[in-house]
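The values are calculated or read from the model by the stated rules, or taken from the named source; none is laboratory data. From a predicted model like this one, the values you see are computed outputs, not experimental measurements. When we count neighbours, we look across all protein chains shown, and the Cβ atoms used for this are built from the backbone with ideal geometry, even at glycine.
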Amino acid sequence: MKTIAPDIQQWSCFSQEKQLDFNGLVLTINDHCILVDPPPMDAADRTAVLKGRAVDYILLTNRDHVREAEVCRRDFKAKVYAPEADALLMEIPIDKTYKDGELLPGGLWVIHLKDMKSPGESALFLERGKGYLILGDSLIGKPPGQLNLLPADKFADVAKARESLARLLKYNFETVLVGDGTSILTGGKEAVRRAVEA
C-alpha cells in the first residue's frame, strides 16, 4: 500500500499480459472509506484496509474495471457504484449507478467521457489540496511520467476521444491517479494536456 496523501492510498497488482500495474485506491474522506477500481489485494494490503475505517463504497470507473469488486463487496460489506451507461454491461449486480456531474460520497465529482472504449467511461475529480483526478481507462500511465490513450483500435474514433478528454482540462488538479500504469503525482494537468494534444 503506497500513501499518496494522508487520506489517499494506492495498491497495485502487476499484469503480465499488459506489462503494467493495475491500481486500486483507498480513499478515507469525509467519514467514508471508498475503494476505486479494486484489483486483487495481497494479504498485507487486505490487512491494511481491514485495520482502517470500514469500507462503505466501491466505485468503478468503467465496465472493464470490475476486477475484484464482487470479492470486496462480500468481504467488506460495501455498496458498488458504477457508471449508468456501463452498469448493464457488467457481470456483477450494481447497487447504484451514477452519471455525469453527480457528486458521489467522499466529495468525488463524476466526469463522463464520451467516445471512449466503454460507453460509461468516467473520471472522478476530488477538489482538495491541489486537486486529484482519478482515471480508469481514459488514459494510462505508460511509460512512467507520461499519460497515453489506449491503442487506436480500442476506439471507434480517436479524434473524438481526444476531444472528450479535453473536458478534463477545465478542472484544477496536480495529481493524476490512473487505473493502469504509473500515476503522476505532480504536473498531472500538463501530462493530460500533452496526451490530449499528441
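Miscellaneous remarks
- Any chance Leu59 is surrounded by fewer than 14 Cβ atoms within 10 Å (Cβ to Cβ), under 24 Å from Arg167 (Cβ atoms) and either of a type outside the set (Ser, Thr, Tyr) or at pLDDT below 95 (or both): no
- Any hit, the stretch 12-32, residues being at positive phi and in contact with a Pro (Cβ under 7 Å, 6 or more places away or on another chain): no
- Every residue from the stretch 169-188 that is surrounded by 15 or more Cβ atoms within 10 Å (Cβ to Cβ) and either of a type outside the set (Ser, Thr, Tyr) or at positive phi (or both): Phe173, Glu174, Val176, Leu177, Val178, Gly179, Asp180, Gly181, Ile184, Gly188
- Residue tally, condition over 14 Å from Leu177 (Cα atoms) and of a type in the set (Phe, Trp, Tyr), over the stretch 1-31: 1
- Selection from the stretch 14-54 of residues that are under 16 Å from Tyr132 (Cβ atoms) and at pLDDT below 90: Asn30
- Of all the criteria given as (1) in a helix (DSSP H, G or I); (2) among the aliphatic types (A, V, I, L, M); (3) in contact with a Gly (Cβ under 8 Å, 6 or more places away or on another chain), the one not satisfied by Ala82 is (1).
- Qualifying strands (runs of 3 or more DSSP E) (wholly inside the stretch 1-47; at least 3 residues being touching a residue at least 12 places away in the same chain (Cβ under 8 Å)): 8-15, 20-29, 32-36
- Within the stretch 144-161, tally of residues that are of a type outside the set (A, V, I, L, M) and without any contact (Cβ under 8 Å) to a residue 12 or more places away in the chain: 2
- One residue stands out among those in the stretch 152-167 that are of a type in the set (A, V, I, L, M, F, W, C) and not in a loop (DSSP other than H, G, I, E, B): the one that is farthest from the chain's Cα centre (by Cα), which is Ala159.
- Among the conditions (1) of a type in the set (Asp, Glu); (2) modelled with pLDDT of 95 or more; (3) buried (at least 17 other Cβ atoms within 10 Å of the Cβ), Glu70 misses just one, which is (3).
- The number of residues in the stretch 129-168 that are under 21 Å from Ile58 (Cβ atoms) and exposed (fewer than 13 other Cβ atoms within 10 Å of the Cβ) comes to 0.
- Number of the exception - Leu177 against (1) within 17 Å of Glu197 (Cβ to Cβ); (2) not in a loop (DSSP other than H, G, I, E, B): (1)
- Scan of the stretch 42-56 for residues that are within 21 Å of Asp7 (Cβ to Cβ) and surrounded by fewer than 22 Cβ atoms within 10 Å (Cβ to Cβ), ordered by number: Ala44, Asp45, Arg46, Thr47, Ala48, Leu50, Lys51, Gly52, Arg53, Ala54, Asp56
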